[in-house]
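So the structure is just underneath, and the comments pick up after that.
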Amino acid sequence: MPTSVAGASARLDLAALDAITEAVESGAGLPAVVRAAAHALDASLAVIDRTGVVLAVAARSPADERALLAGGKDVSTHVLRVADTVVGRLAMRARSDLGPGMTRLVVTLIASEVERVRGPERASEEAIAAFVTDLLAAPPADVDAALARGRDLGVDVEAGGSVLVVRAHPLAPADEGWRQRFLAVARRGARATVPSSVAVLTAADGQLVAEAVVLLPGAGDDEAARAADALLRELHAALAGFAFSLGRSRPAAGAADLARARNEALLAANVAESGDGEALAFEETGAYRLLLSAMSEDPAELQRFYADTVEPLVAYDNQYDTDLVKTLEAFLEADGNVAGTAQRLFTHRHTIRYRLERVRDLSGLDVSSSDGREKLSLGLKAMRVLGIAQRGGPASEPGSGGGRVPRSLPG
């Protein structure tokens, strides 16, 4: 490259950097920084945070913006990273060759600005998440103090409200930020009906499931039902390739009653996930409601009952890829009729009888006796209340800890 051309290129680079850094230093905000970068670099730019929310766009026209966000063939995507933390991504549609060094500097400056402007918001979100987690874990020792803490954070729970527990299971490998995207979509869906809704992630990153607890301050039963429907619609529209399950509580009369509501929503979500439905209200859980107090007061006892009845069947199914639990469920639903069970499962009656013999051998309970059927039926209910997924469910994918995802109610 001739010396004069190289010098002009260096001056252009420095001028571009000066325009961008001036916008950063002046505190003009992320949109101004992105506009300065786009003008200086002769490029269209879009900044998207890690949840998929578009934070700023600098494009020449609406058509240019649509092409930029759609990720056309001439659009490059760059990860915005601060240290080891991914804070978003930058979509760039350059009209001239910027060079790798200049591109890297621009990406680094914009990543730093994203981190700076989103910092206070994340701190507020973390404070709200901590408050909601504490409030739903157990009734507050000092209700007035809890109400004051909530008001400081903009979460008014004096009138109680309702609680939703919603889960997402990827049906195929998902990208790195899918849990945060799930949370953002769940929050958006709930706020369409209850604007003051608060959503908090509760499942660990290492699990093949994302779980969010959604607090609906002041929401009664009808409003909570509408919020649940809107939330699921939003999830289906925004997150393809996922399975969802949702549990809804009864309304809580005040802040002290919200922990009970959370337990009800969790139980309903566990039962919904084990059954055929996608969403279930606590009042629709039938006999499972009788086990809620046992789960809250002495979960170890409920775990022991499950271990003494159905757990050997679950372990056998997981180890040998059999269907003992499914067969037992169908047998009980068919009122103990072998022919009816075979018809439900499209399986020969001799196969059903053989499986039921294995159930007896493993559990020590005879399905031909009313006592045996009753204990096994309660064992299945305990399994669902405890949130233990049977073989073939979303939680039984490789790496999920032997098909079990901890979903226990607080003790």
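At a glance:
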| quantity | calculated |
| --- | --- |
| Matching residues, region 326-365, being in contact with a Phe, Trp or Tyr (Cβ under 9 Å, 6 or more places away or on another chain) and either β-branched (Val, Ile, Thr) or not assigned by TED's automatic domain parsing to the domain that holds PHE305 (or both) | VAL338, THR341, ILE352, VAL359 |
| Which listed residue, of ALA186, ALA145, is part of a helix (DSSP H, G or I) and crowded, with 19+ Cβ neighbours inside 10 Å | ALA186 |
| Hits in region 356-390 - residues which are charged (D, E, K, R) and either on the phi > 0 side of the Ramachandran plot or surrounded by fewer than 21 Cβ atoms within 10 Å (Cβ to Cβ) (or both) | GLU357, ARG358, ARG360, ASP361, ASP366, ASP371, ARG373, GLU374, LYS375 |
| Pairs with Cβ under 9 Å, 6+ apart, first in region 180-208 and farther than 20 Å from VAL86 by Cβ, second aromatic (Phe, Trp, Tyr) and modelled with pLDDT of 85 or more | VAL198/PHE131 |
| Count - residues of region 311-357 that are among the polar types (S, T, N, Q), in contact (Cβ under 8 Å) with a residue 24 or more places away in the chain and assigned to a helix (DSSP H, G or I) | 2 |
| Meets criteria (modelled with pLDDT under 90 and within 29 Å of the chain's Cα centre (by Cα)) for LYS326 | no |
| Residues (free of Cβ contacts under 8 Å to residues at least 12 places away in the same chain and not in a helix (DSSP H, G or I)) located in region 369-390 | SER369 |
| Flag if GLU374 is more than 19 Å from LEU280 (Cα to Cα), among the charged types (D, E, K, R) and at pLDDT 90 or above | no |
| Residue count, region 80-106 (criterion: over 31 Å from the mean Cα position of the chain (by Cα) and over 12 Å from ALA37 (Cβ atoms)) | 8 |
| ALA168 among the small types (Gly, Ala, Ser), closer than 25 Å to ARG250 by Cβ and not assigned by TED's automatic domain parsing to the domain that holds ARG226 | no |
| Residue among ALA237, ALA212, ALA224 that alone is out of contact with any Pro (no Cβ under 9 Å at 6 or more places or on another chain) and crowded, with 22+ Cβ neighbours inside 10 Å | ALA212 |
| Residue within region 107-124 that is farther than 30 Å from ASP42 by Cβ, among the hydrophobic types (A, V, I, L, M, F, W, C) and within 28 Å of the chain's Cα centre (by Cα) present | yes |
| Residue count, region 56-85 (criterion: surrounded by 19 or more Cβ atoms within 10 Å (Cβ to Cβ) and not small (Gly, Ala, Ser)) | 3 |
| Matching residues, region 38-58, being over 30 Å from the mean Cα position of the chain (by Cα) and either free of Cβ contacts under 8 Å to residues at least 60 places away in the same chain or not assigned by TED's automatic domain parsing to the domain that holds VAL82 (or both) | ALA38, HIS39, ALA40, ASP42, ALA43, SER44, ALA58 |
| Qualifying positions in region 80-100 - at pLDDT 80 or above and within 18 Å of LEU68 (Cβ to Cβ) | LEU80, GLY88, ARG89, LEU90, ALA91, MET92, ARG93, ALA94 |
| Looking only at region 189-206, and only at residues there that are modelled with pLDDT under 85 and surrounded by fewer than 16 Cβ atoms within 10 Å (Cβ to Cβ), the one that is nearest to GLU264 (Cα to Cα) | ALA204 |
| The listed residue being surrounded by 17 or more Cβ atoms within 10 Å (Cβ to Cβ), under 29 Å from the mean Cα position of the chain (by Cα) and assigned by TED's automatic domain parsing to the domain that holds VAL385, out of TYR316, TYR306 | TYR306 |
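Table: residues versus (1) over 16 Å from ALA58 (Cβ atoms); (2) of a type outside the set (Ser, Thr, Tyr).
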{"residue": "ARG81", "(1), (2)": "yes, yes"}
{"residue": "THR85", "(1), (2)": "yes, no"}
{"residue": "ARG95", "(1), (2)": "no, yes"}
{"residue": "LEU105", "(1), (2)": "yes, yes"}
{"residue": "ILE110", "(1), (2)": "no, yes"}
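The values are calculated or read from the model by the stated rules, or taken from the named source; none is laboratory data. Here the structure is a predicted model, which means the values were calculated and not measured. Here the Cβ is made from the backbone with ideal geometry for all residues, glycine too, and neighbour counts use every protein chain on show.
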